[in-house]
Amino acid sequence: MGDKTTEIKKLKEEIERLKKIIEEKERYKTIVENAGEAIVILQGGYMKFLNPKAASLVGLPKEKLLNSTFEQFIHPEDKEMVLRNYVNRLQGKPAPESYSFRIRDVNLQTKWLQIRPVRIIYEGKPAILNFFIDITKQKELEKILEKTNSILRWTIESLSDAIVVVDLNFNIILYNQNFLKIWNLKDEDVEDSSEFIRKASTQVKYEKAFLKRIEDLRKNIFASGKGKLILKNDKVYEWYSIPFMVHDKVSGRIWHLKDITEKIQAEATLREREKNYRELVENVNSIVLRWKPDGTITFINRYGEKFFEYKRKELIGKNVCETIVPHCDSEGKNLHEMITKITKEPYKYLNNENENVTKTGKRVWILWKNRPVYDSKNNLVEILSIGHDITEKKLLEEKLMKLATTDGLTGIFNRVKFEEILEERLSKFQLHGSKFCLLLFDIDNFKNINDTFGHHKGDQVLKEVVNTFNQNIREKDIFARWGGEEFIALFPDLDLKNCFLLVDEIREVIANTKFDTVGRITISGGLTEVKDGDSSISIVRRADHLLYEAKRSGKNVIKY
């Protein structure tokens with residue numbers, strides 16, 4: 001009767017354990033299914049998993065997409081690039097961490113996607129876990145902004161009037177071809193402002209009045225002026241001159257020479273375009289930020305104000321490093337150094353993901369699209385940054401990455417992650433001679449523990465052994481579950497003799513520990529040191545052979 005009661009109890013415990021596992025899987029499944037980003041697992045080029053968001057990108061039910069190829073939706077012009085990146089990442093070769101490409105949905109509509117792929121093991125086989133963000137609207141905005149800037153520049157060139165911009169010393173910094181035509185000059189003739197004024201004065205009918213008016217405006221930097229200019233060839237121009245301001249400070253003067261009617265028409269056109277541009281920027285659901293190479297913020301749209309919890313006046317004129325960019329991100333990366341690098345090499349940071357901070361101190365992740373703006377002398381004068389909030393995506397990535405790299409029972413690295421680390425250490429050893437030792441061990445007679453006390457108690461023993469091992473190794477040592485009751489550890493910068501002393505001491509600690517219910521247990525292991533010509537297979541095989549010898553010699557021993 002007693003045996004039957006015990007068996008029933010064990011059965012209930014096993015049911016509860018399985019129930020918790022199922023509940024945990026269902027919880028993560030719910031997170032993925034309801035994620036705001038599209039998530040697809042590709043294996044052998046086929047979609048083995050995708051969430052509803054991914055299905056909505058192509059406009060087909062999820063059931064019809066499962067086990068079909070993702071390649072069929074890639075835009076023909078991007079297909080070769082996407083497939084090459086997929087194969088390289090699957091094979092462990094260099095591949096971009098994030099990039100954008102186009103797809104065509106079921107209605108042949110083109111969409112732009114931002115992809116972040118991660119190599120994982122799915123159902124025992126290599127696969128690629130892909131996170132997608134639909135950036136079609138963002139691409140459309142970039143196109144509109146680029147088109148608007150181009151239109152504005154060519155509008156100035158196409159105007160029938162002449163325009164010239166000078167600084168406070170009357171050095172010419174911007175002009176159009178009509179300005180040169182008025183004076184019958186070439187580009188090189190306006191490089192020296194003094195020489196230009198001298199040549200121009202010889203062409204006007206009233207030279208003294210012309211020079212005096214220029215000198216008056218040079219002295220009175222706040223003054224505006226207008227009048228008529230009559231050349232010796234009898235051509236007459238209406239002109240007006242006004243100072244321009246940068247951050248409420250007069251920085252130079254703009255001159256126009258044109259018919260007043262054309263002036264009114266041109267200004268009306270430019271004002272309307274400027275209004276449309278600003279309405280677009282102000283109402284888009286993305287952060288639009290303009291900042292100078294020294295980090296000074298010159299513009300932020302309404303969405304950006306609300307997102308960062310600032311009033312616009314609290315940001316304009318302030319440095320990004322004093323407001324929305326923290327000194328370091330949560331992983332210790334120096335973001336202020338990153339800002340400096342963006343201004344020095346902007347084309348290396350056209351697409352950039354980094355942490356930012358709101359006024360209340362909340363950390364947020366943003367995908368930035370950065371576009372440098374240059375003046376006529378090719379000097380960087382501004383950076384236009386368009387940001388998209390990817391905080392939730394990052395949190396989900398972290399959760400999924402943890403699931404992909406850690407053992408669900410013990411919380412330490414799993415076999416896939418350890419193999420990746422081992423390959424890296426072998427590469428360092430081959431390049432720099434950085435030695436390390438490898439230990440493969442398991443729990444003696446573990447099957448008897450499961451058979452006698454049940455798998456639940458066996459799982460508890462595995463956790464306690466892991467905790468004991470973790471408490472006695474160094475912080476830089478790498479520890480992982482190899483499979484079942486078998487574990488593996490990597491000890492950097494330790495020779496074989498000293499590593500044995502450390503490992504054998506842990507073996508003694510475990511052997512002298514009385515575990516709840518099961519009593520005393522022991523471990524046996526094989527310890528080896530990396531050698532020239534080693535591969536991940538050879539070094540693990542050597543440790544496994546030593547483990548086998550330890551078992552044959554009576555167990556509770558570390559062989560090396």
Using the structure shown, decide if S434 is part of a helix (DSSP H, G or I), among the hydroxyl-bearing types (S, T, Y) and either surrounded by fewer than 17 Cβ atoms within 10 Å (Cβ to Cβ) or more than 35 Å from the chain's Cα centre (by Cα) (or both). no
Which residue pairs have Cβ atoms under 7 Å apart, sit 6 or more places apart or on different chains, and have a first residue in region 310-328 that is farther than 13 Å from T360 by Cα and touching a residue at least 40 places away in the same chain (Cβ under 8 Å) and a second that is open to solvent by less than 60 Å² (accessible area, probe 1.4 Å) and aromatic (F, W, Y)? none
Just to check your reading of the model, which residue among L185, L217 is under 20 Å from Y237 (Cβ atoms), part of a helix (DSSP H, G or I) and not aromatic (F, W, Y)? L217
Within region 159-168, does at least one residue satisfy the condition of being open to solvent by 50 Å² or more (accessible area, probe 1.4 Å) and touching a strand residue (DSSP E or B) at 6+ places or on another chain (Cβ under 7 Å)? yes
Criterion first (part of a strand (DSSP E or B) and either farther than 14 Å from L42 by Cα or small (G, A, S) (or both)) does I103 satisfy it? yes
Identify the residue in region 358-396 that is open to solvent by less than 20 Å² (accessible area, probe 1.4 Å) and of a type in the set (V, I, T) and, among all such residues, is nearest to N285 (Cα to Cα). I386
Taking region 71-90, which residues are hydrophobic (A, V, I, L, M, F, W, C), in contact with a strand residue (DSSP E or B) (Cβ under 7 Å, 6 or more places away or on another chain) and either in a helix (DSSP H, G or I) or more than 13 Å from F101 (Cα to Cα) (or both)? F73, M81, V82, L90
Go through region 112-123 and report how many residues are in contact with a Phe, Trp or Tyr (Cβ under 9 Å, 6 or more places away or on another chain) and either buried (at least 20 other Cβ atoms within 10 Å of the Cβ) or within 17 Å of K48 (Cα to Cα) (or both). 7
Would you tally the residues in region 50-70 being open to solvent by 60 Å² or more (accessible area, probe 1.4 Å) and not in a helix (DSSP H, G or I)? 3
I need the full set of residues from region 451-493 which are in a helix (DSSP H, G or I), more than 15 Å from A511 (Cα to Cα) and open to solvent by less than 30 Å² (accessible area, probe 1.4 Å), in order please. G458
Considering region 249-280, residues that are open to solvent by 70 Å² or more (accessible area, probe 1.4 Å) and more than 25 Å from Y303 (Cβ to Cβ), and then whichever is modelled with the highest pLDDT, we arrive at K249
Which of the residues spanning region 405-417 are part of a helix (DSSP H, G or I) and either in contact with a Ser or Thr (Cβ under 8 Å, 6 or more places away or on another chain) or modelled with pLDDT of 95 or more (or both)? V416, K417
Residue satisfying all of: in region 511-541; part of a helix (DSSP H, G or I), in contact with a Lys or Arg (Cβ under 9 Å, 6 or more places away or on another chain) and without any contact (Cβ under 8 Å) to a residue 60 or more places away in the chain; least open to solvent (accessible area, probe 1.4 Å) among these: A511
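The values are calculated or read from the model by the stated rules, or taken from the named source; none is laboratory data. Because the structure is a prediction, the values reported are computed rather than measured. We place every Cβ from the backbone using ideal geometry, glycine too, and count neighbours over all the protein chains shown. The area values use the complete protein model at the heavy-atom level, side chains included, leaving out ligands, DNA and RNA. Shrake-Rupley method; radii C 1.70, N 1.55, O 1.52, S 1.80 Å.
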